[in-house]
Amino acid sequence: QVQLVESGGGMVQAGGSLRLSCAASGSIFNINAMAWYRQAPGKQRELVAVSSSGGSTNYADSVKGRFTISRDNTKNTVYLQMNSLEPEDTAVYYCKVSTRYLAVWGQGTLVTVSS
């Protein structure tokens with residue numbers, strides 16, 4: 001069974017930084033995409049950033065230039081460095097790891113940005 005364990009969420013003031021981590025454990029091989037999503041209260045879940053196995057990355061327009069996604073394939077871990085945080089970034093952040101045959105979600109970690 002594959003599990004994703006997220007860490008790094010918390011409360012920070014506007015302008016601050018946080019780094020999220022998501023580690024996959026269990027029998028998971030040939031990971032393709034590793035991504036971060038977020039869901040703010042009353043809103044739909046949205047894609048924040050995605051990293052492909054080929055090394056390309058894509059970001060939501062709202063976080064471009066502020067967030068950086070990276071991955072360590074030796075550890076099956078994906079990171080999200082979040083800088084210049086804004087109150088609008090407040091949400092539960094979820095990681096998602098995909099292979100050819102399955103997609104697994106993390107349990108979510110809360111990020112709260114105060115003004």
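Points worth noting:
- For a straight C-alpha distance cut-off of 15 angstrom, the aspartates and glutamates reachable from Lys75 (same-chain residues fewer than eight places away being disregarded) are Glu6.
- Couplings 3J(HN,Hα) of the range 103-113, computed from phi: 10, 10, 10, x, 7, x, 9, 7, 10, 10, 10 Hz, in residue order, whole Hz [Karplus 6.51 cos²θ - 1.76 cosθ + 1.60, θ = phi - 60°; x for Gly and Pro].
- When Lys64, Lys96, Lys43 are compared by accessible area at a 1.4 angstrom probe, the order from most to least is Lys43, Lys64, Lys96.
- Of Ser25, Ser51, the residue with the largest accessible area leads and the full order is Ser25, Ser51 (1.4 Å probe).
- Taking 15 Å as the straight-line reach from the Cα of Lys43, the aspartates and glutamates in range (excluding those fewer than 8 positions away in the same chain) are Glu88, Asp89.
- Per residue, the chain exposes 55 Å² of solvent-accessible protein surface, assessed with a 1.4 angstrom probe and all protein chains in place.
- A probe of 1.4 angstrom, applied to the heavy atoms of all protein chains, finds Met11 with accessible area near 150 square angstrom.
The values are calculated or read from the model by the stated rules, or taken from the named source; none is laboratory data. All values derive from a computational prediction rather than experimental measurement. Surface areas here come from the heavy atoms of the whole protein model, side chains and all, with no ligands, DNA or RNA. Shrake-Rupley method; radii C 1.70, N 1.55, O 1.52, S 1.80 Å.
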